[in-house]
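K.L.:
Structure incoming, see below.
The values are calculated or read from the model by the stated rules, or taken from the named source; none is laboratory data. As the structure is a computational prediction, the values presented were derived from the model and not from experiment. No Cβ is skipped: glycine too gets one built from the backbone with ideal geometry, and neighbour counts run over all protein chains shown.
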Amino acid sequence: MRYFQKIMRQDKERFVVPKSVQQTIPIQRIWQDGLFYTGNKYSKSWQFTDINYALSSDEDKKAKFETYSALLNAQKSGSGVKITLCNRPLDREGFAATVLLPPQEDNCTLYRDEYNQFLSEQAIGVDTIMQERYITISGHYKTPEDARLGLARTNVDVTSQLARLGSRCEGLDAGKRLETIRGFFRPDEPGVGFDLRDAMWHGHGFRDYVCPMSLAVKGSYFEMDDKFGRVLFLREYANFVSDEMIMELMSLPRSMMLSIDFIPVPTDEAVKEIQTKLLGVETNIAQWQRKQNQANNFSSVIPYDMELQRQETTEFLNDISARDQCMMFALVTIVHLANSKAELDRDTEALQAKAASRMCRLGILRYQQLPGLQTALPFGVRRINALRTLTTEALAVLTPFKSREIMEPGGFYLGNNQTTGNPILLDRALLQNPNLFLLGIPGSGKSMILKQIVIAMALGTKDDIILCDPEGEASAIVRALGGEVIRISVGSDTHINAMDLTEGYSEGNKPWLEKSEFVLSLLEQLDKRGFGLQEKSLIDRCLDLAYEDYLAGAPMPTLCELRQKLLEQPEKEAEGLALAFERFTNGSLNVFSQPTNVKVKSRIISYDISGLGAQLRTIGTLVVSDAMSNRVADNWRNGKRTHILIDEFHVMLENPHGAEFFNSAWRRYRKRNGFPVAATQNVEALLATVQGSTMISNSECVVMLNQAPRDAEKLTELFHISESQQNYIINVPAGSGLLRYGGALVPFMNRFKTDTELYKLITTKPGE
């Protein structure tokens, strides 16, 4: 094939016998931004995350397959693309250290020790192997500047296509690319970070940083320090390759790398090549038939091999010309390491058996182990000429996806991944927004997880934590952690001024304009019929007057001052509004109409509103939430993070003004370093409002526990949950569910250790 020969000529390199271990590293020059010059090509690498492919429905799998195919098709013709899967041994001790809560000077050492013991047990259960994914793209460019320009355009395509799959993609700089290579060559040595300037200053080379201490290449394997390794390649493909084969090969619990190299061929060149081949096949068939006719054998049938070749070539041509398929030159290589030669041989046989079960064949690269090693690693070179011609679909079947893992160092422990068994650690600060929703029916484990969040934040950070506790369930854990419980009830001496306003409450110059929405939501709790435009205008006017007095030096206004302003207005409607206010300003329900007398000093606060009657419960929740917003604004100005936890959140959205207030507050929290958590058992009521639906749709973290059938249907529609994934949110045990995190859906199981003092504080089961 002419194009194939052209590619071979371009990639041809001058052979040099390596005289040292450093020279086995085919990188010639590096730049700080991650651009490498290897062989005669420039290359860059990106790391991308896994997606939940295995748990997807057939329909979702098809959609993801098509998107992945589009990613392959989008690659520039003639460029070299390498998709690498890396199995890396996990440093258990180092991983545990990132999970454990740091010590603090408080009186919670017992609880912190219990929690750290629990986290350590979860870390011990982690797989010994962590899997990473990389894509490396190389091309022939005249200068580094040309390479950067060309690869920058590629970066946009790769990032956008992977984002459509739900995979996060990050470009690697020189230090991170070198760490990837060093992690394979020196798996037992932790990376210390490579500083290019510092290395140049001390006269050290980057090859010294990544290469092994010794490397002895044999005929069918190699010895690297105290390890034994072998490079295999996919020698024979089945007619129908399973999309599970690559992940089955990578399930071997060893340090290994699998690379899929491919070169896209221009469509016009591909069509020419296939037409030429088809013409040759037809010519061979015609010659055979002519010979049979000359021998008077007119009834002869075309040999099976010729007919099969014609059929396959015709189908290939149809795929390229009519089905938007591209022609690819592809190569699959695998390098795996073991602690002994005997173990290496056993692992090789296991890999070959896995491939054979899928009707494929893995071959050993004999006397080509070093070129194979350089090809399998994400250097950006290909030094094995065993390319196979495939279509886009045939290549896309070798999918590198299985199941999403979420283990972010220093993150909150949610539970264990039901697919892999590994712990799920969430660092919401890494998301576009940190908003979290907890959804589940009573008894599903919502309160347990809510309290676990409080524990993790209280014991592991210095952040402020504020709870709105409608049922008084969090009082025990808050007091145990050294926090303060503010109990608000009818007739108590504890007051919170509903009209408190702090700097930074809103983004405008007149924050009371936004405050008016909040006040209206309060007043509408008094009269479910709502207010007309004239009444709303009166309230806005009186709010302006009340806060103007405050700006002029008067004390912070209260609902009593607002009522007085209404009485001073000439309109008859104002008198009616003032009369409706009277019960909540002068009567027994005046708990929110007096100046705030709560002096909050603790960083952990729980507003217990269980003592409020049915008439004031909703109002109390709204006022407490507004007080939280004021605290968030104060902390934001002081450079401090605030965690806001609100239970029974659907109550906040029962009237339009309350819904609009919280929709706005939800956006403010993100901008003011606030981390809100909203829990509710009534998903249907939450999604019934436009604001609630918008809030949950725009939340990057949603924890779905056991759901009622109608709620499950609505969540399925909202988050495109497949039938197999629905099984994790319908009729499941307490603490089990489905996590939506940054677009990924991950099944989890939360099982807190029961023989601890912490469990006694957070359990809601009767008798425990």
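K.L.:
Which of the residues spanning segment 733-768 are surrounded by 15 or more Cβ atoms within 10 Å (Cβ to Cβ), free of Cβ contacts under 8 Å to residues at least 60 places away in the same chain and over 24 Å from the mean Cα position of the chain (by Cα)?
P.N.:
Within segment 733-768, Y759 is the sole residue that qualifies.
K.L.:
Tell me whether segment 576-583 contains one or more residues that are in contact with a Lys or Arg (Cβ under 9 Å, 6 or more places away or on another chain), at pLDDT below 85 and of a type in the set (D, E, K, R).
P.N.:
yes
K.L.:
Can you find even one residue in segment 67-74 that is in the same structural domain as I334 (by TED's automatic domain parsing), in contact with an Asp or Glu (Cβ under 7 Å, 6 or more places away or on another chain), more than 28 Å from M213 (Cβ to Cβ) and crowded, with 17+ Cβ neighbours inside 10 Å?
P.N.:
Taking segment 67-74 first, the residues in the same structural domain as I334 (by TED's automatic domain parsing) are 67-74.
Filter once more, keeping what is in contact with an Asp or Glu (Cβ under 7 Å, 6 or more places away or on another chain): 69, 74.
Now restrict to residues that are more than 28 Å from M213 (Cβ to Cβ): 69, 74.
Subsequent filtering for residues that are crowded, with 17+ Cβ neighbours inside 10 Å retains 69.
So far as segment 67-74 goes, yes, one or more of its residues are in the same structural domain as I334 (by TED's automatic domain parsing), in contact with an Asp or Glu (Cβ under 7 Å, 6 or more places away or on another chain), more than 28 Å from M213 (Cβ to Cβ) and crowded, with 17+ Cβ neighbours inside 10 Å.
K.L.:
Within the group G166, G193, which residue is crowded, with 19+ Cβ neighbours inside 10 Å, on the phi > 0 side of the Ramachandran plot and under 28 Å from the mean Cα position of the chain (by Cα)?
P.N.:
Unique residue meeting the criteria: G166.
K.L.:
For segment 24-40, enumerate the residues that are exposed (fewer than 13 other Cβ atoms within 10 Å of the Cβ) and over 32 Å from the mean Cα position of the chain (by Cα).
P.N.:
Hits for segment 24-40 are Q28, R29.
K.L.:
Based on this model, can you work out whether D626 counts as under 26 Å from E582 (Cβ atoms), of a type outside the set (V, I, T) and within 35 Å of the chain's Cα centre (by Cα)?
P.N.:
yes
K.L.:
Follow-up question, since we're still on this one. Quick check: anything in segment 186-208 touching a helix residue (DSSP H, G or I) at 6+ places or on another chain (Cβ under 9 Å), in a loop (DSSP other than H, G, I, E, B) and basic (K, R)?
P.N.:
Yes, because at least one residue in segment 186-208 is touching a helix residue (DSSP H, G or I) at 6+ places or on another chain (Cβ under 9 Å), in a loop (DSSP other than H, G, I, E, B) and basic (K, R).
K.L.:
Also, I was wondering about something else. Would you kindly identify the helices (runs of 4 or more DSSP H) lying entirely within segment 304-378 that contain at least 3 residues that are closer than 30 Å to G280 by Cβ?
P.N.:
On the way: elements: 304-322, 341-357, 369-376.
Where helices (runs of 4 or more DSSP H) fall fully within segment 304-378 and carry at least 3 residues being closer than 30 Å to G280 by Cβ, they are 304-322.
K.L.:
Given the structure, is T24 among the polar types (S, T, N, Q) and farther than 25 Å from A744 by Cβ? It would help to see each step written out before you state the result.
P.N.:
On the way: among the polar types (S, T, N, Q): yes; farther than 25 Å from A744 by Cβ: yes.
Yes; evaluated as a whole, the condition is true for this residue.
K.L.:
Here's a follow-up. Tell me, yes or no, whether segment 360-369 has at least one residue that is surrounded by 17 or more Cβ atoms within 10 Å (Cβ to Cβ), small (G, A, S) and more than 20 Å from E312 (Cβ to Cβ).
P.N.:
Scanning segment 360-369, I find no residue that is surrounded by 17 or more Cβ atoms within 10 Å (Cβ to Cβ), small (G, A, S) and more than 20 Å from E312 (Cβ to Cβ), so the answer is no.
K.L.:
Next question. Taking segment 209-235, which residues are more than 38 Å from the chain's Cα centre (by Cα), in a loop (DSSP other than H, G, I, E, B) and not hydroxyl-bearing (S, T, Y)?
P.N.:
Within segment 209-235, K218, G219 qualify.
K.L.:
In segment 253-285, which residue that is buried (at least 18 other Cβ atoms within 10 Å of the Cβ) and of a type in the set (S, T, N, Q) is modelled with the highest pLDDT?
P.N.:
The qualifying residue modelled with the highest pLDDT is S259.
K.L.:
Now for a different question. For segment 680-710, give me each residue that is among the acidic types (D, E) and either outside the structural domain of F661 (by TED's automatic domain parsing) or within 24 Å of the chain's Cα centre (by Cα) (or both).
P.N.:
Residue satisfying the conditions is E700 alone.
K.L.:
Looking at segment 41-59 only, could you name the residues that are over 15 Å from T136 (Cα atoms) and over 18 Å from the mean Cα position of the chain (by Cα)?
P.N.:
Across segment 41-59, the qualifying residues are S57, D58, E59.
K.L.:
Failed condition for K451, given (1) at pLDDT 85 or above; (2) part of a loop (DSSP other than H, G, I, E, B), with all others met?
P.N.:
All conditions are met except number (2).
K.L.:
Here's a follow-up. Out of all the residues in segment 395-423, which are at pLDDT 90 or above and either farther than 21 Å from I477 by Cα or outside any strand (DSSP E or B) (or both)?
P.N.:
Listed by number, the residues that qualify are L395, A396, V397, L398, T399, P400, F401.
K.L.:
Report yes if V281 is part of a helix (DSSP H, G or I), hydrophobic (A, V, I, L, M, F, W, C) and either touching a helix residue (DSSP H, G or I) at 6+ places or on another chain (Cβ under 9 Å) or not assigned by TED's automatic domain parsing to the domain that holds S69 (or both), otherwise no. Full working, then the answer.
P.N.:
Values: part of a helix (DSSP H, G or I): yes; hydrophobic (A, V, I, L, M, F, W, C): yes; either touching a helix residue (DSSP H, G or I) at 6+ places or on another chain (Cβ under 9 Å) or not assigned by TED's automatic domain parsing to the domain that holds S69 (or both): yes.
So V281 passes the test.
K.L.:
A further question on this structure: Among the listed residues L616, L612, identify the single one that is assigned by TED's automatic domain parsing to the domain that holds F675, modelled with pLDDT under 80 and in contact with a Ser or Thr (Cβ under 7 Å, 6 or more places away or on another chain).
P.N.:
Sole residue among the options that is assigned by TED's automatic domain parsing to the domain that holds F675, modelled with pLDDT under 80 and in contact with a Ser or Thr (Cβ under 7 Å, 6 or more places away or on another chain): L612.
K.L.:
Scan K76, K6 and give me the residue that is in a helix (DSSP H, G or I), more than 30 Å from D198 (Cβ to Cβ) and among the basic types (K, R).
P.N.:
Unique residue meeting the criteria: K6.
K.L.:
For segment 236-263, give me each residue that is in contact with a Pro (Cβ under 9 Å, 6 or more places away or on another chain) and either in a strand (DSSP E or B) or of a type in the set (D, E) (or both).
P.N.:
Residues satisfying the conditions are M257, L258, S259, I260.
K.L.:
When you scan segment 325-347, do you find a residue that is in contact with a helix residue (DSSP H, G or I) (Cβ under 8 Å, 6 or more places away or on another chain), at negative phi and without any contact (Cβ under 8 Å) to a residue 40 or more places away in the chain, even just one?
P.N.:
Checked against the condition, which is being in contact with a helix residue (DSSP H, G or I) (Cβ under 8 Å, 6 or more places away or on another chain), at negative phi and without any contact (Cβ under 8 Å) to a residue 40 or more places away in the chain, segment 325-347 yields no hits at all.
K.L.:
Test Q75 against the stated conditions and say whether it is under 19 Å from E170 (Cα atoms) and in contact (Cβ under 8 Å) with a residue 40 or more places away in the chain.
P.N.:
So Q75 passes the test.
K.L.:
Now, a different point. Does A688 satisfy being in contact with a helix residue (DSSP H, G or I) (Cβ under 9 Å, 6 or more places away or on another chain), of a type in the set (A, V, I, L, M, F, W, C) and either modelled with pLDDT of 85 or more or surrounded by fewer than 22 Cβ atoms within 10 Å (Cβ to Cβ) (or both)?
P.N.:
Considered against the rule, which asks whether it is in contact with a helix residue (DSSP H, G or I) (Cβ under 9 Å, 6 or more places away or on another chain), of a type in the set (A, V, I, L, M, F, W, C) and either modelled with pLDDT of 85 or more or surrounded by fewer than 22 Cβ atoms within 10 Å (Cβ to Cβ) (or both), A688 comes out as yes.
K.L.:
Just wondering, is there one or more residues in segment 385-396 that are closer than 23 Å to S255 by Cβ, surrounded by 20 or more Cβ atoms within 10 Å (Cβ to Cβ) and outside the structural domain of S736 (by TED's automatic domain parsing)?
P.N.:
Within segment 385-396, not a single residue is closer than 23 Å to S255 by Cβ, surrounded by 20 or more Cβ atoms within 10 Å (Cβ to Cβ) and outside the structural domain of S736 (by TED's automatic domain parsing).
K.L.:
Out of the residues in segment 116-148 that are at pLDDT 90 or above and part of a helix (DSSP H, G or I), which is surrounded by the most Cβ atoms within 10 Å (Cβ to Cβ)?
P.N.:
My answer is A147.
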